[in-house]
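Undergrad: Okay, handing you the structure first.
The values are calculated or read from the model by the stated rules, or taken from the named source; none is laboratory data. Keep in mind it's a predicted model, so treat the numbers as computed, not measured. Every residue, glycine as well, gets a Cβ built from its backbone with ideal geometry; the counts of neighbours run over all protein chains shown.
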């Protein structure tokens, strides 16, 4: 599966797979990234047709090692503009009596819908004590509203921006009451027993044409990280 995804993504950029992998590992992939993590990164890039070289998607170093695929705001805007039926978006800022930004509302219009999809994000909920939020609070809140509205409007899932990932990692961190050592949550792998139980149903769905291998992989990956061998087994059901 890894080689197939690599070949598909490399083909879009008209470059040999081996050279493409070497380029990514030398420029945008952190050291310590194993083959499974690299494949997962490519799967996300391939699913949403994003360019890693131009930082539409990039590999963010995980605090516990490995990487997390992160979609930049440029990547999100590319995904939004490519959606069938997309008919533009608009923003509305709400200020308090002192001119401070309270919230940003994003509206996304769809050609087949009579009403726009609308999402409001609030500064009091979103602002963090990080350098980027201190320097560009209005821009960051606009990005948050854009991303959340896109999720509602187009049902996008399985991708996040860097700010969301950092928030998620912060909530994962727990302290041991005795030693005070901060530990990281280990990745959740898809249980082999559950895989063997579900695989016959997946194979039947693929062979009947109801699902593609890629759809099954995406669906299963939402419940746990698939091993390279598990991915290969699903892919061969064609």
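Undergrad: If I go through the range 48-78 residue by residue, how many of them are surrounded by fewer than 20 Cβ atoms within 10 Å (Cβ to Cβ), within 23 Å of residue 169 (Cβ to Cβ), at pLDDT 90 or above and touching a strand residue (DSSP E or B) at 6+ places or on another chain (Cβ under 9 Å)?
TA: The total comes to 2.
Undergrad: Would you mention how many residues in the range 16-42 are part of a loop (DSSP other than H, G, I, E, B) and exposed (fewer than 14 other Cβ atoms within 10 Å of the Cβ)? Step through it out loud before you land on a result.
TA: The initial filter retains those residues of the range 16-42 that are part of a loop (DSSP other than H, G, I, E, B), namely 16, 28-34.
Checking the rest, the ones that are also exposed (fewer than 14 other Cβ atoms within 10 Å of the Cβ) come to 16, 31-32, 34.
The qualifying residues number 4.
Undergrad: Hey, another quick one. Among the listed residues 45, 10, which satisfies the condition of being touching a residue at least 24 places away in the same chain (Cβ under 8 Å), surrounded by 15 or more Cβ atoms within 10 Å (Cβ to Cβ), part of a helix (DSSP H, G or I) and not assigned by TED's automatic domain parsing to the domain that holds residue 226?
TA: Exactly one of 45, 10 is touching a residue at least 24 places away in the same chain (Cβ under 8 Å), surrounded by 15 or more Cβ atoms within 10 Å (Cβ to Cβ), part of a helix (DSSP H, G or I) and not assigned by TED's automatic domain parsing to the domain that holds residue 226, namely 45.
Quick grid of which residues meet (1) farther than 30 Å from residue 89 by Cα; (2) modelled with pLDDT under 75; (3) in contact with a strand residue (DSSP E or B) (Cβ under 8 Å, 6 or more places away or on another chain); (4) surrounded by 11 or more Cβ atoms within 10 Å (Cβ to Cβ):
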| position | (1), (2), (3), (4) |
| --- | --- |
| 149 | no, no, yes, yes |
| 152 | no, no, yes, yes |
| 155 | no, no, no, no |
| 162 | no, no, yes, yes |
| 167 | no, no, no, yes |
| 174 | yes, yes, yes, yes |
| 202 | yes, no, no, yes |
| 208 | yes, no, no, no |
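Undergrad: Continuing with this model, one more query. Looking at (1) modelled with pLDDT under 95; (2) at negative phi, which is the one condition that is false for residue 85?
TA: (2)
Undergrad: Here is a follow-up. Only one of (1) surrounded by fewer than 19 Cβ atoms within 10 Å (Cβ to Cβ); (2) not assigned by TED's automatic domain parsing to the domain that holds residue 13 is not met by residue 119, so which one is it?
TA: Answer for residue 119: the failing condition is (1).
Undergrad: Among the residues of the range 80-103, what is the count of those that are in a loop (DSSP other than H, G, I, E, B) and in contact with a strand residue (DSSP E or B) (Cβ under 6 Å, 6 or more places away or on another chain)? Can you show your working first?
TA: If we filter the range 80-103 for residues that are in a loop (DSSP other than H, G, I, E, B), which is where we start, we get 83-85, 96-100.
With in contact with a strand residue (DSSP E or B) (Cβ under 6 Å, 6 or more places away or on another chain) added as a condition, the list becomes 85, 96.
Number satisfying all stated conditions: 2.
Undergrad: Just to be sure before I move on: is residue 223 in a loop (DSSP other than H, G, I, E, B), farther than 18 Å from residue 68 by Cα and modelled with pLDDT under 75 in the structure I sent?
TA: On the way: in a loop (DSSP other than H, G, I, E, B): yes; farther than 18 Å from residue 68 by Cα: no; modelled with pLDDT under 75: yes.
Criteria not met by residue 223.
Undergrad: Only one of 30, 52 is in contact with a helix residue (DSSP H, G or I) (Cβ under 8 Å, 6 or more places away or on another chain) and not assigned by TED's automatic domain parsing to the domain that holds residue 107. Can you tell me which? I'd like the intermediate steps shown before the answer.
TA: On the way: 30 fails: in contact with a helix residue (DSSP H, G or I) (Cβ under 8 Å, 6 or more places away or on another chain).
Within the list 30, 52, the selection yields 52.
Undergrad: Write out, first by first residue and then by second, each pair whose Cβ atoms fall under 6 Å of each other, whose residues are 6+ apart or on separate chains, and whose first residue, in the range 72-101, is assigned by TED's automatic domain parsing to the domain that holds residue 114 while the second is loosely packed, with under 10 Cβ neighbours inside 10 Å.
TA: Note: pairs meeting the criteria are 85/111; 85/112; 87/111.
Undergrad: Right, next: Return the residues of the range 154-164 that are part of a helix (DSSP H, G or I) and within 16 Å of residue 50 (Cβ to Cβ); say none if nothing qualifies.
TA: Taking the range 154-164 as the starting set, the residues that turn out to be part of a helix (DSSP H, G or I) are 154, 162-164.
154, 162 - these are the residues of the range 154-164 that are part of a helix (DSSP H, G or I) and within 16 Å of residue 50 (Cβ to Cβ).
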